[in-house]
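Colleague: Please read through the structure below; I'll follow up with questions.
The values are calculated or read from the model by the stated rules, or taken from the named source; none is laboratory data. It should be emphasised that the depicted structure is a prediction, and the values quoted were computed from it without experimental measurement. FYI the Cβ positions are ideal-geometry reconstructions off the backbone, even for glycines, and counts take in every protein chain you see. Each accessible area value is taken on the protein alone, full model and side chains, heavy atoms only, with ligands, DNA and RNA left out. Shrake-Rupley method; radii C 1.70, N 1.55, O 1.52, S 1.80 Å.
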Amino acid sequence: MACVLPRVLATALAACLCLPGAAPAFENPAPSRPIAQDGYFQTIARVDDGVWLIAQPQPFHIQPIGNVVVIEQSDGVVLIDGGGSPGAGRRIVDLVRSVTGKPVKAIAITHWHGDHVLGVASIVQAWPTAEIIATDVTAAHLRGRSMKAYPKGAPDAALQAAFDQRLDGAETSLRDALAKPDLSTREREGFQASQRLLAQYREDTRNLVLALPTRTFVESLKLDDATHPVELRHPGRGNTDGDLIAWLPRQRVMATGDLLVAPVPFGFNAYPAQWQAALRAMQAQRPSMWLPGHGAPMRDDAYVGRVIELIQHTRDAVAPLAKQGVGADAAKKRIDLSADRARFAGDDDWLKRWFDRYWTQPFVDAAYREAKGEPIEQGEG
Ligand SMILES: [Zn+2]
């Protein structure tokens with residue numbers, strides 16, 4: 001990664017915005033339109049009896065907040081994921097309290113990325129006895145090198161200062177992007193909304209703390225209940241090497257983490273064939289409701305099928321080039337995923353741009369490594 005910024009925003013900006021040369025003087029403050037109008041703040045919606053989804057009304061943001069699933073059991077609430085910052089975590093606490101008086105007893109983390117875990121500390125501040133559950137692989141990422149930039153257990157002034165500096169870099173990159181003359185109206189609006197988002201993210205990430213798992217499992221863990229039993233499973237490697245999904249057998253609800261993300265899937269350091277296998281295994285359960293890691297609830301598996309096909313198309317395009325010895329960067333230039341891009345992004349310039357950055361570029365790397373038999377490793381947050 002060329003520059004180190006918070007996860008997702010980081011990788012994307014590294015891919016497209018870390019321009020050489022001096023940054024322009026700070027002269028164009030973010031427009032004053034309220035961030036709420038951008039659909040950035042999460043809201044809560046009931047998806048079944050005793051089950052809610054906390055999601056961003058506008059699902060695509062370059063620094064997104066992971067969805068949170070709220071499941072009311074008889075003796076307390078189980079959350080799937082905990083939001084992407086201390087500020088998002090505080091808003092999640094309020095949203096949970098708006099639908100139930102029961103305490104949160106457990107937070108299960110789908111994977112180690114910051115947009116799903118950095119709000120957990122605020123949630124356990126509100127409910128200190130809540131367990132934090134993850135797969136053993138995800139727990140190792142949270143404790144180790146992958147999240148070494150984040151303070152563990154308590155705020156840390158030096159790490160916070162380093163994080164704030166990364167946000168300064170992101171701010172500069174956004175200004176540089178907006179200074180380009182050839183942006184479409186849609187792209188310009190997108191970058192301006194991203195400036196507002198970054199200002200809010202800066203607020204939300206004050207006093208950053210990473211709360212660590214208190215309970216781990218390898219393959220599966222059942223949180224039993226009379227009406228809302230929850231089966232937590234590691235479906236194998238997929239979007240990361242430690243993915244966790246949550247299955248509610250009574251309600252037939254499947255919470256997928258970032259194995260399923262809409263409208264544009266995220267392809268960073270993923271495991272192509274295993275990802276397809278994980279999605280197919282989930283399809284075989286015949287869920288009546290899919291709750292993705294980002295995006296709105298889905299009542300059928302049409303989008304799941306599209307993601308499986310997208311993975312296949314990308315693998316099929318990359319494998320012959322890798323076998324011919326074409327380098328990964330050259331392969332990216334030769335691969336044409338425009339038909340797939342149209343299926344996911346339509347003719348929206350802004351989404352098309354991010355399909356290239358969040359899917360094609362990172363996932364071609366993963367598919368290339370797969371084709372070469374090289375190991376795929378998780379990055380740093
Ligand atoms: Zn995510």
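Colleague: Kindly indicate whether D258 is of a type outside the set (S, T, N, Q), surrounded by fewer than 24 Cβ atoms within 10 Å (Cβ to Cβ) and within 16 Å of the ligand (Cβ to nearest atom).
Modeller: No.
Colleague: Which of the residues spanning region 185-211 are open to solvent by 30 Å² or more (accessible area, probe 1.4 Å) and either in contact with a Gly (Cβ under 7 Å, 6 or more places away or on another chain) or among the polar types (S, T, N, Q) (or both)?
Modeller: Correct list: T185, Q192, Q200, E203, N207.
Colleague: Now for a separate question. Return a yes/no flag: does region 149-166 have any residue that is within 24 Å of T256 (Cα to Cα), within 16 Å of the ligand (Cβ to nearest atom) and not polar (S, T, N, Q).
Modeller: Among the residues of region 149-166, not one is within 24 Å of T256 (Cα to Cα), within 16 Å of the ligand (Cβ to nearest atom) and not polar (S, T, N, Q), which makes the answer no.
Colleague: Inside region 181-245, counting only strands (runs of 3 or more DSSP E) that do not spill past its ends, which hold 2 or more residues that are touching a Phe, Trp or Tyr at 6+ places or on another chain (Cβ under 7 Å), farther than 23 Å from I62 by Cα and not polar (S, T, N, Q)?
Modeller: In region 181-245, the matching strands (runs of 3 or more DSSP E) lie at 230-233.
Colleague: Moving to a separate point now. What is the residue count in region 324-338 for residues that are within 24 Å of the chain's Cα centre (by Cα) and open to solvent by 40 Å² or more (accessible area, probe 1.4 Å)?
Modeller: Counting residues in region 324-338 that are within 24 Å of the chain's Cα centre (by Cα) and open to solvent by 40 Å² or more (accessible area, probe 1.4 Å) gives 2.
Colleague: Among what's in region 114-134 and is within 16 Å of the ligand (Cβ to nearest atom) and not in a helix (DSSP H, G or I), pick the residue that is surrounded by the fewest Cβ atoms within 10 Å (Cβ to Cβ).
Modeller: Out of the qualifying residues, it is A134.
Colleague: Determine which member of the set L259, L198, L208 is farther than 24 Å from I109 by Cβ and within 21 Å of the chain's Cα centre (by Cα).
Modeller: L198
Colleague: Against the condition touching a helix residue (DSSP H, G or I) at 6+ places or on another chain (Cβ under 6 Å), surrounded by fewer than 24 Cβ atoms within 10 Å (Cβ to Cβ) and either of a type in the set (G, A, S) or over 28 Å from A319 (Cα atoms) (or both), how does G236 come out, does it pass?
Modeller: When the stated conditions are applied, G236 passes them.
Colleague: What tally of residues in region 55-87 results from selecting those that are buried (at least 22 other Cβ atoms within 10 Å of the Cβ), more than 12 Å from the ligand (Cβ to nearest atom) and not in a loop (DSSP other than H, G, I, E, B)?
Modeller: 9
Colleague: Something else now. Please go through (1) under 18 Å from the mean Cα position of the chain (by Cα); (2) outside any helix (DSSP H, G or I); (3) in contact (Cβ under 8 Å) with a residue 60 or more places away in the chain for A106 and return the number of the only condition it doesn't satisfy.
Modeller: It fails just one condition, (1).
Colleague: Oh, and also: Could you list all residues from region 344-371 that are charged (D, E, K, R) and either part of a loop (DSSP other than H, G, I, E, B) or exposed (fewer than 14 other Cβ atoms within 10 Å of the Cβ) (or both)?
Modeller: D347, D348 - these are the residues of region 344-371 that are charged (D, E, K, R) and either part of a loop (DSSP other than H, G, I, E, B) or exposed (fewer than 14 other Cβ atoms within 10 Å of the Cβ) (or both).
Colleague: Please go through region 300-320 and give me each residue that is among the hydrophobic types (A, V, I, L, M, F, W, C) and open to solvent by less than 20 Å² (accessible area, probe 1.4 Å), ordered by number.
Modeller: Hits for region 300-320 are V304, V307, I308, L310, I311, V318.
Colleague: Can you tell me how many residues in region 28-54 are part of a loop (DSSP other than H, G, I, E, B) and modelled with pLDDT of 95 or more?
Modeller: 6
Colleague: Filter region 138-161 down to the residues that are open to solvent by 50 Å² or more (accessible area, probe 1.4 Å) and not in a loop (DSSP other than H, G, I, E, B) and list them by number.
Modeller: Correct list: A140, R143, R145, K152, A157, A158, L159, A161.
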